[in-house]
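Contents: one structure, followed by commentary.
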Amino acid sequence: MIILYIKKKGGTNVILASDNHHELYKNLKGEFDLGGRTFITKCPNYNRVKEKGIAIEIKNLDTKSLKKENLDEIIRIVQKYQ
């Protein structure tokens with residue numbers, strides 16, 4: 001299940017519910033090399049959601065990278081592990 005979460009000042013996060021959130025987090029973190037930074041957070045997380053899953057924090061990406069083909073690639077990689 002995908003939920004869009006929009007904070008007033010923070011931007012957009014995409015939350016993916018997953019009972020196997022540790023494995024999903026590990027796989028996705030390995031797929032996205034951001035030079036030591038990440039835009040993926042494990043949930044439950046006190047300031048995200050209290051369900052098992054991951055948060056993909058679109059708000060933490062460089063706005064220049066938010067092109068359709070890049071977002072489509074993120075979707076393709078996420079679907080590979082669901």
Quick one: the Cα spread of the stretch 40-81 along its three principal axes, in angstroms, biggest first? 31, 24, 9
Computed for the stretch 23-65: size of charge dipole around the Cα centre, +1 on C-beta of each Lys and Arg, -1 on C-beta of each Asp and Glu, debye to nearest 20, value 180
Quick one: if you stick a label point 7 Å off each Cα along the C-beta vector at ILE75 and GLU31, how many nm between them? 1.3
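Quick note: the coordinates plus some simple rules give every number you see, no bench work behind them. This is a predicted model, so every value here is computed, not measured. So basically every Cβ, Gly included, is an ideal-geometry build from the backbone, and we count neighbours across all protein chains shown.
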